[in-house]
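Below is one structure, written out as structure tokens; the observations come after it.
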Protein chains: 2
Amino acid sequence: MSVLVVGSVALDSVETPFGRADDALGGSATYFAASASHHTRVQLVGVIGSDYPVDKLHDLEARGVDLSGLERAEGESFRWRGRYRHDLNSAETLETRLGVFSHFRPKIPDQFRSARYVFLGNIDPRLQLDVLEQVTKPKLVACDTMNFWIESRRDDLVRLLARVDLITLNDAEARQLSEEANLVKAAKWIMAHGPKTVVIKKGEHGAFMFHADRVFYAPAYPLEEVFDPTGAGDSFAGGFMGYLARNDDLSEASLRRAVIVGSVMGSFVVEGFSIARLLEVNGDDIARRMAEFHRLVAFDAELP
Amino acid sequence: MSVLVVGSVALDSVETPFGRADDALGGSATYFAASASHHTRVQLVGVIGSDYPVDKLHDLEARGVDLSGLERAEGESFRWRGRYRHDLNSAETLETRLGVFSHFRPKIPDQFRSARYVFLGNIDPRLQLDVLEQVTKPKLVACDTMNFWIESRRDDLVRLLARVDLITLNDAEARQLSEEANLVKAAKWIMAHGPKTVVIKKGEHGAFMFHADRVFYAPAYPLEEVFDPTGAGDSFAGGFMGYLARNDDLSEASLRRAVIVGSVMGSFVVEGFSIARLLEVNGDDIARRMAEFHRLVAFDAELP
């Protein structure tokens, strides 16, 4: 099994209280792919400009990420420049230059069209819908989104909801989309518009998964040093989808484990800049942290 | 076994988006006692003014709360008036009238002095220290505090830390006390100053317990309606201490269950004004919600 991801491939320049990185690999599809590649093969669709340091992507290819859907267009690559201050929960965007990404029209290569697991990264919902026209019978389609699309493309986004099985979004986005302050109500609103499963990411406060009438909650791993929070959400999604694709099991037990795998991958990526930590860790590290997540929440429900 | 609590007994007037209550039972000791009384006998030490509607306390007495340490002083009772708007996480204080509470000097009745489990509710650290002079060989002493004392009584509070086994405080207070933004570091700082166990309450984001080199995390119960958040922290503490006192077991497994019992009691109290819900629920309700907490976080750590 493999997973298809469509999203941004960018160059990020990030300042945090702990240091800075310039023109480092970034973008939703990049983080997703680096994370998912620990669990399954990945097919990536995106666009880069003529200035992109393509050799830096070899590490991803070596990890089983198929870049044949990565278009190279004439012009500048998507660049994001941001800063995190003391509160590592919110990035301050200093500059966004869309470059070739502003004309991105995802073209799914023939050999990717039969993908069973599809992740529509955070791009214009019209493009996300367009991708769905190009794939045939996926078993699970998941999407991400953001406040910008909720404001500017609400109708398209609601049309997209009706066609996806699962959505990942953060708590503020869930509230904005549903116009419900309460997250349980927000999740119900979203499920009533299509997705059977809603994953609400709360950053350092963990993640909720709403699935039918059940709720599952995974904490964030209590790290002593959060180095750079960029990409945590996409790395979560990569771990989540990668785990599901590898095991091809959509039972509730499997979805719960997938949330934990996503949380594990998110906890690694923030330990370094860009995808550095995702390239360093191995299966043992992942299994060990998964066990730590278990110890973090384990208790005996029986009252003596 | 029983638990001794020293704290405020107040009259609260609260407005929330869902309604309002006037001169309802409030105060840290009141919430603590109502919650702990589901698990063990409670000895309460506090002060009320001559205007306090004492008959409203009969419900607590009927639940096994010994009020012989509740002093009646000439003057007005402690009154708090507050409002919660859309964001139920933070109260807006409209008025605080300390009344007789401003001259409160806790006097522990002889028959309470041998208490094995002691909870020092959120009062002046000098008074909390004073209580410790009046009790003999407690097995577990826990305290709460707040931003006001961290600012105005830091030295006394640090002296208190050296003499308690456990502290409960919220995330902002933990950061303020330790001057560490990271909660793991904040907990380590606090533990280095005395308490073997630190419980950091994060409101709707759950609670961490740091104990030796282990971390335990309990989510908040995902309620669809949070009616009035007042007293959630003290109800948490009441469930936590009440559970420990009943079972007289300070193993890590027991401390973990105590955190969940505290979270369960906190999840009930916010479903109504004042202590109304704590007086309504029974042991079956508590056991049922405890099982729901278990389902909320349960996953199989083995990767297939």
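Values quoted throughout were computed directly from the atomic coordinates according to the rules given, and no laboratory measurement underlies them. Remember, it's a predicted structure, so these values are computed and weren't measured experimentally. As a convention, Cβ positions derive from the backbone with ideal geometry for all residues, glycine included, and neighbour counts pool all protein chains shown.
Where does the protein assembly as shown land at 222 nm, in deg cm²/dmol rounded to the nearest 500, when only DSSP H runs of n ≥ 4 count, each adding -39500 (n - 2.57), divided by all residues? Could the numbers behind the result be given before it?
Working: 22 runs with 220 residues, N = 608.
One gets -10500 deg cm²/dmol as the mean residue ellipticity at 222 nm.
Assigning unit charges at the beta carbon (Lys, Arg +1; Asp, Glu -1) and nothing else, what dipole magnitude in debye, to the nearest 20, does the protein assembly as shown show about its Cα centre?
Details: 70 positive and 88 negative charges, 151 e Å.
Here the protein assembly as shown has a charge dipole of around 720 debye.
If you restrict to DSSP beta bridges whose two residues both lie in segment A:18-146, what percentage is antiparallel, to the nearest 5? Present the calculation step by step, with values, prior to reporting the outcome.
Values: 5 of 15 bridges.
Given both bridge residues lie in segment A:18-146, the antiparallel proportion sits at roughly 35 percent.
Find every distance from the label point of B:Leu94 to the corresponding label point in the other copies (7 Å from Cα along Cα→Cβ) and write them in nm, one decimal, shortest first.
Label-point distances to the other copies, shortest first: 4.6 nm.
Where the only charges are on Cβ atoms (+1 Lys, Arg; -1 Asp, Glu), what is the dipole of segment B:108-190 about its Cα centre, to the nearest 20 debye? Walk me through the numbers on the way to the answer.
Numbers: 12 positive and 13 negative charges, 72 e Å.
Approximately 340 debye in magnitude.
What is the mean number of Cβ atoms from other protein chains located within 10 Å of the Cβ atom of each residue in peptide A:219-225, rounded to a whole number? Numbers along the way, then the final one.
Values: counts 9, 2, 2, 9, 3, 7, 3.
If you average over the peptide's residues, the count of other-chain Cβ atoms is 5.
Roughly what % antiparallel, to the nearest 5, for the DSSP beta bridges in segment A:120-232? All intermediate terms of the calculation are to be shown ahead of the outcome.
Values: 10 of 19 bridges.
For segment A:120-232, the DSSP antiparallel bridge percentage is about 55.
Only bridges with both residues in chain B count here: give the DSSP antiparallel percent, nearest 5.
Values: 21 of 54 bridges.
Approximately 40 percent, going by the DSSP bridge assignments.
Magnitude of the Cβ-charge dipole of chain B, K/R +1 and D/E -1, about the Cα centre, nearest 20 debye? Spell out each step's value before the answer.
Details: 35 positive and 44 negative charges, 177 e Å.
Dipole of chain B, to the nearest 20 debye: 860 debye.
In nm, what does the list of distances from B:Ala62 to its counterparts in the other copies look like, shortest first, when each label sits 7 Å along Cα to Cβ?
Between copies, matching label points for B:Ala62 lie 7.3 nm apart.
Residue by residue, what Karplus-based ³J(HN,Hα) values in Hz, rounded to whole numbers, does segment B:14-23 have, using 6.51, -1.76 and 1.60 with θ = phi - 60° and x for Gly and Pro?
Ordered by residue, 3J(HN,Hα) equals 10, 10, 10, x, 9, x, 9, 10, 10, 6 Hz.
Placing the label point 7 Å from Cα along the Cα-to-Cβ direction, what are the distances from B:Leu132 to the equivalent spots in the other copies, shortest first, in nm to one decimal?
Here the equivalent label points are 6.2 nm apart from this one.
Given points 7 Å out from each Cα along the Cα-Cβ axis, report the B:Ala181 to A:Ser254 separation in nanometres with one decimal.
In this crude spin-label approximation the distance works out to 4.1 nm.
With a Förster radius of 22 Å, plug the Cβ-Cβ distance of A:Gln111 and A:Ser50 into 1/(1 + (r/R0)^6) and report the FRET value to the nearest 0.05.
Values: r = 25 Å, r/R0 = 1.14.
Approximately 0.30, to the nearest 0.05.
B:Gln43's amide H: which non-local residues (gap 5+, or another chain) put their own amide H closer than 5 Å, with H modeled 1.01 Å from N in plane and none for Pro or chain starts?
B:Val3, B:Leu4, B:Val5, B:Asp66
Rounded, prolate or oblate: pick one for chain B, where a ≥ b ≥ c are the square roots of the eigenvalues of its C-alpha gyration tensor, a/c under 1.5 means rounded, and failing that, prolate if a/b is larger than b/c, else oblate. Before the final figure, lay out each step's value.
Details: a/c = 1.35, a/b = 1.16, b/c = 1.16.
Taking the square roots of the gyration eigenvalues as a ≥ b ≥ c, chain B is rounded.
For B:Arg126 and A:Met146, what does the FRET efficiency come to when R0 = 51 Å and r is the distance between their Cβ atoms, rounded to the nearest 0.05?
E(calc), rounded to 0.05, equals 0.50.
A:Asp59 to B:Asp156: FRET efficiency via 1/(1 + (r/R0)^6), r the Cβ-Cβ distance, R0 60 Å, to the nearest 0.05? Walk me through the intermediate numbers first.
Values: r = 55 Å, r/R0 = 0.92.
Taking R0 as 60 Å, the efficiency between A:Asp59 and B:Asp156 is 0.60.
Sort segment A:176-249 into rounded, prolate or oblate with this rule: let a ≥ b ≥ c be the square roots of the eigenvalues of the Cα gyration tensor; rounded if a/c is under 1.5, and if a/c is not under 1.5, prolate when a/b is larger than b/c, oblate otherwise. It would help to have the intermediate numbers written out before the result.
Details: a/c = 2.09, a/b = 1.29, b/c = 1.62.
Because a/c hits 1.5 or more and a/b fails to exceed b/c, segment A:176-249 counts as oblate.
Where does each of B:264-270, B:94-100 land if you order them by average Cβ count within 10 Å, highest first?
Values: B:264-270: 27.1, B:94-100: 15.4.
Sorting B:264-270, B:94-100 by mean packing, highest first, produces B:264-270, B:94-100.
Expressed in nm to one decimal, what extension gain is obtained for the pair B:Ala172 and B:Asp284 from 0.36 nm per residue of sequence separation less their Cα-Cα distance?
On the way: separation 112, 0.36 × 112 = 40.32 nm, distance 3.40 nm.
Extra length available between B:Ala172 and B:Asp284 comes to 36.9 nm.
According to the square roots a ≥ b ≥ c of the eigenvalues of the Cα gyration tensor, what is the shape class of segment A:225-304, taking rounded for a/c under 1.5, prolate for a/b larger than b/c otherwise, and oblate for the remainder? Can you show the working numbers first?
Numbers: a/c = 2.21, a/b = 1.38, b/c = 1.60.
Since a/c reaches 1.5 but b/c is at least a/b, the shape of segment A:225-304 is classed as oblate.
Expressed as a rounded percentage, what relative contact order does segment A:158-304 have, with Cα pairs under 8 Å and six or more residues apart? Provide the component values of the computation, followed by the final result.
Values: 210 pairs, mean separation 25.2, N = 147.
That works out to 17 percent.
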